[in-house]
1. Which of the residues that make up segment 153-183 are over 15 Å from the mean Cα position of the chain (by Cα), of a type in the set (A, V, I, L, M, F, W, C) and either at pLDDT below 95 or surrounded by fewer than 16 Cβ atoms within 10 Å (Cβ to Cβ) (or both)?
2. Let me confirm something: among Val186, Val172, Val158, which residue is under 22 Å from Gln112 (Cβ atoms) and not small (Gly, Ala, Ser)?
3. Taking the conditions exactly as written (in contact (Cβ under 8 Å) with a residue 12 or more places away in the chain and within 16 Å of the ligand (Cβ to nearest atom)), does Leu270 satisfy them or not?
4. Considering segment 49-65 alone, what residues qualify as being among the small types (Gly, Ala, Ser), touching a residue at least 40 places away in the same chain (Cβ under 8 Å) and either surrounded by fewer than 22 Cβ atoms within 10 Å (Cβ to Cβ) or on the phi > 0 side of the Ramachandran plot (or both)?
5. Quick one: count up the residues across segment 164-186 that are over 16 Å from Asn288 (Cβ atoms) and within 13 Å of the ligand (Cβ to nearest atom).
6. Do you know which residues across segment 108-121 are among the hydrophobic types (A, V, I, L, M, F, W, C) and over 19 Å from Arg79 (Cβ atoms)?
7. Looking at segment 251-260, can you tell me whether even one residue there is touching a Ser or Thr at 6+ places or on another chain (Cβ under 7 Å), modelled with pLDDT under 95 and closer than 30 Å to Val200 by Cα?
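The values are calculated or read from the model by the stated rules, or taken from the named source; none is laboratory data. In this text, all values refer to a predicted model and were calculated from it rather than measured experimentally. As a convention, Cβ positions derive from the backbone with ideal geometry for all residues, glycine included, and neighbour counts pool all protein chains shown.
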Amino acid sequence: MTDRADDQTSLTAQESSGILGLGRSSGQRSAEMLAGIRAELMPKPEYLAMARPAGRVIGGLLIRLGRGEQAKSNFVIARPEAFRYLISEALRDKPNPHYVELASGFLPRAWQMASQFPQLRVTEIDLPEVMEEKQRRFSKARLVLPPNLRMLSADLGVTPLSEVLGGEKADVISAEGLLPYFTLDVVQQIGTGVRQSLKVGGIFIADILTKEAVHELGQGRARQAATLFRRNAGNWLGVVDDSAHAQELFKAVGYSRVETYRISELAERLAHLPKPVANATLFVVAHN
Ligand SMILES: C[S@@+](CC[C@H](N)C(=O)[O-])C[C@H]1O[C@@H](n2cnc3c(N)ncnc32)[C@H](O)[C@@H]1O
């Protein structure tokens with residue numbers, strides 16, 4: 001990632017203006033808003049623990065702005081679950097599996113997976129202010145951190161992933177909600193950096209914005225909610241034309257096989273997901 005405006009800090013990590021109390025950088029604010037929406041829609045202990053009051057207030061406001069647009073609320077619940085399904089499938093039958101979650105924000109999936117699968121090594125990475133705060137929230141909620149979970153801090157726009165991981169390689173690396181904030185050439189640099197930290201046969205799972213998704217998010221009552229979200233989280237810079245474009249992008253940086261899935265397709269396979277789900281993102285599964 002070379003989105004940096006100077007040598008020390010990525011643009012997404014720099015101090016910028018937004019709703020007070022949601023965080024000093026657009027990166028932290030985006031994570032807080034998603035955590036707030038999830039806590040409002042799914043009040044499980046770990047989702048409640050990850051959201052701060054200001055995040056829940058804004059999350060509630062965003063939900064109310066999009067009232068009546070069930071498919072878009074369902075999207076917020078369905079996306080982490082669809083990721084979890086793709087990650088679990090990709091890790092199936094791997095010996096000594098290592099899973100790395102980039103830009104994990106205030107999503108407790110790394111914690112959930114490490115708690116559920118003690119034989120799985122899990123590493124999650126986000127900006128220092130996010131990871132410090134996340135650890136505080138786990139501790140405040142008395143949610144025990146499992147020994148197979150490692151929480152690392154880094155500005156991945158400044159420090160290469162291979163350096164953050166100390167040269168260790170992973171079977172699966174995921175990035176949920178990260179790629180839309182980078183131009184497509186930076187998305188390719190991220191893809192290259194990730195591939196260098198994947199074992200042979202390892203898999204990168206990420207989601208990316210398509211023109212269809214941007215159109216979908218600009219329609220109906222949820223348009224105002226999307227505008228408020230972007231104002232605080234940062235603009236979407238990387239938008240692909242369609243699935244074929246997304247596949248080309250990752251094949252061009254050395255991935256041998258790239259599959260793409262619309263979230264509505266994945267929701268059909270997963271009985272427990274709420275439906276309908278708005279196609280507000282495209283899943284990319286890129287094989288090293
Ligand atoms: C839209 S949020 C998604 C968070 C989480 N994956 C989720 O779905 O709730 C984007 C995340 O990327 C992180 N991020 C942005 N720029 C980053 C950077 N340069 N290095 C590390 N993390 C970064 C932010 O802190 C934020 O947690």
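1. Those that are over 15 Å from the mean Cα position of the chain (by Cα), of a type in the set (A, V, I, L, M, F, W, C) and either at pLDDT below 95 or surrounded by fewer than 16 Cβ atoms within 10 Å (Cβ to Cβ) (or both): Ala154, Val158.
2. Step by step, each of Val186, Val172, Val158 is checked, and only Val172 is under 22 Å from Gln112 (Cβ atoms) and not small (Gly, Ala, Ser).
3. no
4. Ala49
5. 9
6. Ala114, Phe117, Leu120
7. no
Quick grid of which residues meet (1) hydrophobic (A, V, I, L, M, F, W, C); (2) closer than 26 Å to Ser10 by Cα; (3) surrounded by fewer than 18 Cβ atoms within 10 Å (Cβ to Cβ):
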residue	(1), (2), (3)
Gln196	no, yes, yes
Glu216	no, no, no
Gln224	no, no, yes
Leu228	yes, yes, yes
Arg231	no, yes, yes
Gly238	no, yes, no
Ala246	yes, yes, no
Ala252	yes, yes, yes
